[in-house]
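**Q** Below is a structure I'd like to ask you about.
Here, each number is a calculation from the coordinates, and none is a lab measurement. Remember, predicted model here, so these are calculated numbers, not experimental data. Note that we place each Cβ from the backbone using ideal geometry, even for glycine, and neighbour counts take in every protein chain shown.
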Ligand code: FES
């Protein structure tokens, strides 16, 4: 098991203590940890498990079930490419492939400089503007492969 720093452990204990009386404390606790730490690795799950008296397997199940939780650190810009049916039939596979090719990573990975993560998403409810891509919450409609490079350059330039 990797060693978790004392101040991080202390903060996790504080988060758990502050939510212990809520009806669904685990989800709230994990959401706050995700927000503050950016990800929820196994060693953090182990602290939560001890503090909440919930098996690690159960916590792991929750973290891996919801796409807004992450086991690994994410990039500054999270590119979510919808691969739901409506987007898929309009070519979203080619779009995610292009992002991955230009950034030299695979879906789910983060660039070594920590700038970009590419995630494959299920339907994000924007089928009318398929294929849809989100970057840190900003939605790109009717995206085409030839716009991908320009979008990456804008973010690399810090324009967004
Ligand atoms: S399938 Fe992509 S937004 Fe619905």
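**Q** Per-residue ellipticity at 222 nm for the chain, helices alone: DSSP H runs ≥ 4 residues times -39500 (n - 2.57), over residue total, nearest 500 deg cm²/dmol?
**A** Rounded to the nearest 500, the figure is -14000 deg cm²/dmol.
**Q** For segment 1-78, compute Rg over Rh where Rg is the Cα radius of gyration and Rh is the Kirkwood radius from the inverse mean 1/r over Cα pairs.
**A** 0.93
**Q** A further question follows. Put one equal scatterer on each alpha carbon of segment 77-156, apply the Debye formula with no solvent term, and list log10 I(q)/I(0) at q = 0.12, 0.17, 0.19 1/Å to two decimals.
**A** Log10 of I(q)/I(0), two decimals: -0.27, -0.55, -0.70.
**Q** Among 51, 22, 149, which one moves the most in a GNM of the chain with springs linking Cα atoms closer than 10 Å?
**A** 22
**Q** If you stretched the chain out fully between residue 146 and residue 72, how much longer would it get, using 0.36 nm times the residue separation minus the C-alpha to C-alpha distance?
**A** This chain segment gains 23.7 nm when fully extended.
**Q** As a footprinting exposure proxy, order 7, 19 by other Cβ within 10 Å, with the fewest listed first.
**A** Least crowded to most crowded, the residues run 7, 19.
**Q** Once R0 is set to 25 Å, what does the formula 1/(1 + (r/R0)^6) return for the Cβ-Cβ distance between residue 138 and residue 53, expressed as a FRET efficiency to the nearest 0.05? Let's see the in-between values first.
**A** Values: r = 40 Å, r/R0 = 1.61.
E(calc), rounded to 0.05, equals 0.05.
**Q** Starting from the Cα of residue 106, step 7 Å along the direction of its Cβ; do the same at residue 86; then give the gap between the two resulting points in nm.
**A** For residue 106 paired with residue 86, the spin-label model returns 3.0 nm.
**Q** Hey, another quick one. Modelled label-to-label distance, residue 6 and residue 36, 7 Å Cα→beta-carbon offset: nm?
**A** The two pseudo-label positions are separated by 1.8 nm.
**Q** Quick one: helix 25-37 against the long Cα principal axis of the chain, what's the angle to the nearest 10°, folded into 0 to 90?
**A** 60 degrees
**Q** May I pose another question? Rounded to two decimals, what is the ratio between the C-alpha radius of gyration of segment 45-113 and 2.2 N^0.38 Å?
**A** 1.46
**Q** Tell me, how many Å apart are the Cα centres for segment 55-89 and for segment 125-160?
**A** Here the two parts' Cα centres lie 18 Å apart.
**Q** How high is the relative contact order of the chain, in percent, with contacts defined as C-alpha pairs under 8 Å that are six or more residues apart? Spell out each step's value before the answer.
**A** Values: 216 pairs, mean separation 29.2, N = 160.
Value for the chain: 18 percent.
**Q** Using Cα atoms only, what is the angle between the long axis of helix 6-19 and the major principal axis of the chain, expressed in degrees (0 to 90) to the nearest 10?
**A** The two axes meet at around 90 degrees.
**Q** Give me 70, 31, 18 sorted ascending by neighbouring Cβ count inside 10 Å, so fewest comes first.
**A** Sorted ascending by nearby Cβ count, the order is 18, 31, 70.
**Q** What is the fewest-to-most order of 66, 88 by other Cβ atoms lying within 10 Å of their Cβ?
**A** Exposure proxy ranking, most exposed first: 66, 88.
**Q** Here's something else I'd like to know. Could you tell me how many degrees, from 0 to 90 and to the nearest 10, lie between the Cα long axis of helix 56-65 and the main elongation axis, the longest principal axis, of the Cα atoms of the chain?
**A** 20 degrees
**Q** Take the Cα radius of gyration of the chain and divide it by 2.2 N^0.38 Å, with N its residue count; two decimals is plenty. Spell out each step's value before the answer.
**A** Details: Rg = 17.9 Å, N = 160, 2.2 N^0.38 = 15.1 Å.
Working it through for the chain, the quotient is 1.18.
**Q** Which residues does a label at residue 21 reach in segment 47-71, if reach means a backbone N under 11 Å from a point 7 Å past the Cα toward the Cβ?
**A** Counting only backbone N, you get no residues.
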